[in-house]
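In what follows, a structure is listed as structure tokens, so that the remarks can point back to it.
Please treat every number below as a calculation from the coordinates, not as lab data. Computed from a prediction, not measured in an experiment: that's the story for all the values here. No Cβ is skipped: glycine too gets one built from the backbone with ideal geometry, and neighbour counts run over all protein chains shown.
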Amino acid sequence: MGLDFSIIPKYMDIILLGVGWTVGITVAAALLSFVGGIIFAVIALYAPWLIRQPFRLIEWVFMGTPLLLQLFLIYFGLVQIGIDLPAFVAGIIGLGLHFAVYNSELIQTAILAVDKGQMEAARTLGLGRGQALRKVVIPQAVRAVIPPIGNNMIALLKDSALVSVIGVSELTLSAQRVIGKTYRPFEFYILAAAFYYVINLCMEWVQRKIERRISISR
Amino acid sequence: MTEQTHFVEIRHAQKSFGALEVLKDISLNVERGQIVGIIGSSGSGKSTLLRAINDLDPLTGGEIWLDGVQVNKTLPHRQYEKHINEMRQNVGMVFQHFNLFPHMTARENVTMAPKLLKGLSQADVDKLAEEQLDKVGMLERIDYYPSQLSGGQKQRVAIARALAMKPKLMLFDEATSALDPELVEEVNLVMKKLAEEHMTMIIVTHEMDFAASVCDRVLFMDKGVVVEEGPPSVLFKNPTQDRTREFLRKHIEGAS
Ligand SMILES: Nc1ncnc2c1ncn2[C@@H]1O[C@H](COP(=O)(O)OP(=O)(O)OP(=O)(O)O)[C@@H](O)[C@H]1O
Ligand SMILES: [Mg+2]
């Protein structure tokens, strides 16, 4: 059978719902990975030894094992200890923490690269170490690290397809479901790809906006 | 120990970095409104002494007193942090490389700390920024970022930032030595203005002319000790120590 794209409009609502889920999960997980990345970085660099240890374990789990396994663990595993999360929440947490660990690596390097005169100048004015980090050091580190974090967020978008395995009807799974009914894999996978591409473009646009707003040459 | 009788009192300051002894039993008093210059060759410990006063480089021995309070007193960690943060609000510091916050405008550089630490209202904060930047002649550049300013302008903003905390004492660590020669004067003028307002200042400098013109007293440091001190008219014209004479000969010839 030949290609027939005219079938698409009939199933567009299912696909668009999938787009909605993909965008929602990606944005929520991106925010979590950003805030979590800063928190992990600060803990890794400044927390006392005892507090650092559980976070090193989290870091190891999220960096050293497949994301798929992490999603299974959060969605199916946690139920056993009484934490029954909706699938999309489990997906957001899994993706968010996974990428928080990667963002944390970037942010740590950037924090250490901020000139130590900055911390000194802030301390001389009477700021405590935490205040100096919050007002002076971290904002500069985060600015320096926006482009590579942007790359991580694109990877996050692509990996968001993995949450389909715990049953979230995001874009990839929606396409699959439509294909199950129509037996038109080519058309709907291409359509899904096109939507990923558009979301990608939007994310790049947002990143450029952010960069332009906050990037300040030293 | 005995009660403090001077505005700034440094008693038997000793500082080592590992095995390297950088300050060797330095004692120094500064009165309110006095301007003290510190000169000496590279590595003699000038910066370390200055940085000990606000505890950026904590002493390994001796005491620092400021206006009746011991800066480096022994306290449990948390209390010490609180104490030192309060002490530092009274001591402005100006660095060789300015250390302005690059992600903040001149206005934000000046107001960030007072806003955070003194809880001023927005109106007070705006007034403060304008007042302090006007004082250093940078009012027109109030909303510029450091990257948009020349070295001299950056240093003037850095001075305004320190002054905005209303310090009782100002420390200058070679405030002009990173500047192009033609930009030195604008910063020196600001410091002279502070001198006229009787700000208490300790100034590490390699500019002998400037030290001679603003300082009430000048100290010559070498290898972690104060070799000689006195009013500039005496120290520069009739030094008693060979080391001082040698240093001055090199520097005054080198400069002119
Ligand atoms: N954090 C540090 N760790 C180890 N050694 C240090 C440290 N800071 C300073 N020193 C050493 O202490 C000595 C005195 O340094 P200091 O910066 O006080 O000299 P200075 O008189 O200010 O010199 P300059 O005119 O070059 O600024 C030098 O030998 C320096 O290498
Ligand atoms: Mg120095």
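Couple of notes before you dig in:
- Tail fraction, Cα-Cα pairs, the protein assembly as shown, threshold 33 Å, whole percent: 52 percent
- If the convex hull is drawn through the Cα atoms of segment A:1-139, its volume per residue in Å³: 188 Å³
- Between residue A:31 and residue A:5, residue separation times 0.36 nm minus the direct Cα-Cα distance comes to 5.8 nm.
- Extent along the principal axes, Cα only, for segment B:128-256: 51, 29, 24 Å, with the longest axis given first.
- For segment B:68-85, the Karplus equation 6.51 cos²θ - 1.76 cosθ + 1.60, evaluated at θ = phi - 60°, returns couplings of x, 10, 6, 5, 9, 7, 7, 9, x, 3, 4, 5, 5, 4, 4, 4, 6, 4 Hz by residue, with Gly and Pro reported as x.
- Less than 5 angstrom separates the built amide H of residue B:221 from those of B:39, B:40, B:227, all sequence-distant by 5 or more or on a different chain.
- Between segment A:93-122 and segment B:20-76, the alpha-carbon center distance in angstrom: 34 Å
- Dipole axis of the protein assembly as shown (+1 Lys, Arg; -1 Asp, Glu on Cβ), positive-most option in B:208, B:219, B:176: B:176
- Positive-pole candidate from B:87, B:147, B:133, dipole of segment B:8-255, charges at beta carbon: B:87
- What you get for segment A:5-217, charging only the Cβ of Lys and Arg (+1) and of Asp and Glu (-1), is a dipole of about 460 debye around the Cα centre.
- Cα→Cβ-extended label distance, 7 Å offset, between residue A:189 and residue A:204, nm: 2.4 nm
- Considering only B:233, B:121, B:177, the mean-square fluctuation computed in a Gaussian network model of chain B, springs between alpha carbons under 10 angstrom, is largest for B:121.
- Chain A: most fluctuating residue of A:190, A:39, A:166 per GNM, C-alpha cutoff 10 Å: A:190
- Straight-distance crosslink candidates among lysines, where the alpha carbon sits under 19 Å from residue B:24 and sequence neighbours closer than 8 are dropped: B:15, B:46, B:223
- Ascending count of other beta-carbon atoms within 10 Å, so fewest first, for B:200, A:109: A:109, B:200
- Above-threshold pairs, the threshold being 28 Å between Cα atoms, out of B:82/B:166; A:116/B:193; B:118/B:154: A:116/B:193
- Residue (of A:113, A:195, A:206) at the positive-pole extreme of segment A:5-217, dipole from beta-carbon charges: A:113
- Sites listed here are chymotrypsin sites (Phe, Trp or Tyr not before Pro) in segment A:113-201 whose DSSP assignment is loop and whose Cβ has at most 11 other Cβ atoms within 10 Å: A:183.
- Taking A:153, A:203 and counting other C-beta atoms within 10 Å, the order from fewest to most: A:203, A:153
- Note on residue B:240 and residue A:134: their simple-model spin labels are 5.4 nm apart, each label 7 Å out from Cα toward Cβ.
- MRE, 222 nm, helices only [DSSP H, n ≥ 4, -39500 (n - 2.57), over chain A, to nearest 500]: -25000 deg cm²/dmol
- Contact order relative to length of chain B, as percent, for alpha carbon pairs under 8 angstrom and 6 or more apart: 25 percent
- For segment A:151-165 versus segment A:166-207, the gap between their alpha-carbon centres in whole angstrom: 12 Å
- Segment B:95-144 and segment A:7-28 have their alpha-carbon centroids 49 Å apart.
- Computed over the alpha-carbon pairs of segment B:39-173, the distance histogram in 5 Å steps reads 2, 10, 18, 20, 17, 15, 11, 6, 2, 0 percent, short to long.
- Distance (nanometres) between label positions extended 7 Å along Cα→Cβ at residue B:82 and residue A:16: 5.9 nm
- Choice from B:117, B:50, B:219 showing the highest fluctuation, given a GNM over chain B with Cα pairs closer than 10 Å: B:117
- A cut-off under 12 angstrom between Cβ atoms defines the neighbours of residue A:145, and their net charge, with Lys, Arg +1 and Asp, Glu -1, is -1.
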